[in-house]
Protein chains: 2
Amino acid sequence: MKPIDFWYSIGSTYTYLTVMRLPEYAKANDIAFNWRPFNVRDIMIEQNNIPFKDKPVKSAYMWRDIARRAEMYGMAASLPAPYPLKELALANQIALVGRNEGWVQDYTVETYRLWFVDGLPAGSDPNVSESLRRIGQDPERVLDRAQSPEIVNGLAADTDLARDLGVFGSPTFVVEGEVFWGDDRLDDAVSWSRRGRVVGG
Amino acid sequence: MKPIDFWYSIGSTYTYLTVMRLPEYAKANDIAFNWRPFNVRDIMIEQNNIPFKDKPVKSAYMWRDIARRAEMYGMAASLPAPYPLKELALANQIALVGRNEGWVQDYTVETYRLWFVDGLPAGSDPNVSESLRRIGQDPERVLDRAQSPEIVNGLAADTDLARDLGVFGSPTFVVEGEVFWGDDRLDDAVSWSRRGRVVGG
């Protein structure tokens, strides 16, 4: 079975639920995911898709819903986490370096853990340096590379690709052109990959 | 176990998935739902929560997602259905008459079926007359009552109550003050009702 493309932005709140369970989920279901960071904020601004800003009732619900489901999944979480991220682009540029170098999954898990458990915003220090150190990467070297034109342009190109595929939010799973948006649709995406349709649990 | 409050507006698209499966789900899980129509549009406009208008990519995804899940649930659907409804308020005023008279569930199922399967917008004729006739109600009598000050004010009062509970979208399940938004959260609401926490399937 081909890997499922997992499009995500560090900066998305619900993406926490997916990032923290995906490594184990992949093993348990014997399915590979292709971790593809992009800049969801650019796409959402373009499409006037502003789910939480100036929406206090919906925002409060979002945190409560994530807390309940984090508990269901057995994940630690200290909520609400700092939001929105000031350095969303940089957080995902670092992830793209990781994708090119083979440590994107480990970095993404660690930076989300520091953000959602320890309250340190992803994309800014001390989160960036600490998450990179934890996975054995040199922060100075990675930050240099993450801000290079190659990576800045690379993230923009990947964001263009995501947009062309119909991705408008994070997390999104894409299986043979079918788009599945949200942590809630992980099972649907896997079902589509296996059977070409969505089958209930 | 106390019934779970099921707050909904005829006019919401995802609510189709809940309305069509809830009667059977309630029996299968031996749990009662208290069907409570309200005017979600008023609350969404107040809260500047505009999920689909002028958002073609997200709208196209919404219909595709509903189609996939309707198929998963074994529901017929001819999509996209006419949207948005011109007569959302009236559709839910009729539902409130049905709530007072004991036929709210049957009417809601029939009006959604005519809307999502036969392409006839809820709240307008021929949908209104046909759905009422199918459940043995006289359209002229019901329409008179649905437009009476008692019912118009009653729907506004129920909408105020929903807002006070933290309801911001449809469908929403409320269990002892806990709010669960979306067809995707039906199991979570039942879990909360039974165990006071969300337990995975």
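Just the residues that are among the small types (Gly, Ala, Ser), more than 14 Å from chain A (Cβ to nearest Cβ) and assigned to a helix (DSSP H, G or I), please, taken from segment B:140-199. Explain how you work it out, then say what you get.
The initial filter retains those residues of segment B:140-199 that are among the small types (Gly, Ala, Ser), namely B:146, B:148, B:154, B:156-157, B:162, B:166, B:169-170, B:177, B:182, B:189, B:191, B:193, B:196.
Going one step further and asking which of them are more than 14 Å from chain A (Cβ to nearest Cβ), we end up with B:146, B:148, B:154, B:156-157.
Matches in segment B:140-199: B:Ala146, B:Gly154, B:Ala156, B:Ala157.
Restricting attention to segment B:60-83, which residues are assigned to a helix (DSSP H, G or I) and more than 15 Å from B:Asp184 (Cβ to Cβ)? Give the derivation first.
Our first condition is that a residue be assigned to a helix (DSSP H, G or I); within segment B:60-83, this holds for B:60-73.
Scanning segment B:60-83 gives B:Ala60, B:Trp63, B:Arg64, B:Ala67, B:Glu71.
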Query raised in the report: So which residues in segment A:13-49 are out of contact with any Ser or Thr (no Cβ under 7 Å at 6 or more places or on another chain), part of a helix (DSSP H, G or I) and aliphatic (A, V, I, L, M)?
Result: A:Leu17, A:Met20, A:Leu22, A:Ala26, A:Ala28, A:Met44, A:Ile45
Query raised in the report: For B:Val57, are the conditions met, namely being part of a helix (DSSP H, G or I), more than 24 Å from B:Pro3 (Cα to Cα) and either touching a helix residue (DSSP H, G or I) at 6+ places or on another chain (Cβ under 8 Å) or β-branched (Val, Ile, Thr) (or both)?
Result: yes
Query raised in the report: Just a yes or no: is a residue in segment B:192-201 in contact (Cβ under 8 Å) with a residue 40 or more places away in the chain and more than 17 Å from B:Arg41 (Cβ to Cβ)?
Result: yes
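What residue, of A:Ala60, A:Ala81, A:Ala77, A:Ala70, is more than 14 Å from chain B (Cβ to nearest Cβ) and either surrounded by fewer than 16 Cβ atoms within 10 Å (Cβ to Cβ) or of a type outside the set (D, E, K, R) (or both)? Even if it seems obvious, please write down each step before you answer.
Values: A:Ala60 fails: more than 14 Å from chain B (Cβ to nearest Cβ); A:Ala77 fails: more than 14 Å from chain B (Cβ to nearest Cβ); A:Ala70 fails: more than 14 Å from chain B (Cβ to nearest Cβ).
Step by step, each of A:Ala60, A:Ala81, A:Ala77, A:Ala70 is checked, and only A:Ala81 is more than 14 Å from chain B (Cβ to nearest Cβ) and either surrounded by fewer than 16 Cβ atoms within 10 Å (Cβ to Cβ) or of a type outside the set (D, E, K, R) (or both).
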**Report entry** Conditions (1) over 24 Å from B:Gly74 (Cα atoms); (2) under 15 Å from the mean Cα position of the chain (by Cα); (3) surrounded by fewer than 23 Cβ atoms within 10 Å (Cβ to Cβ); number of the one not met by B:Gln93
**Finding:** (3)
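I need the full set of residues from segment B:41-85 which are within 26 Å of A:Val198 (Cβ to Cβ) and of a type in the set (A, V, I, L, M), in order please.
B:Val57, B:Ala60, B:Met62, B:Ile66, B:Ala67, B:Ala70, B:Met72, B:Met75, B:Ala76, B:Ala77, B:Leu79, B:Ala81, listed by residue number.
Each reported figure results from applying straightforward, stated rules to the coordinates on display, with no laboratory input. These figures come from a predicted structure and were not determined experimentally. Positions of Cβ are generated from backbone atoms using ideal geometry, with glycine treated the same way; all protein chains shown enter the neighbour counts.
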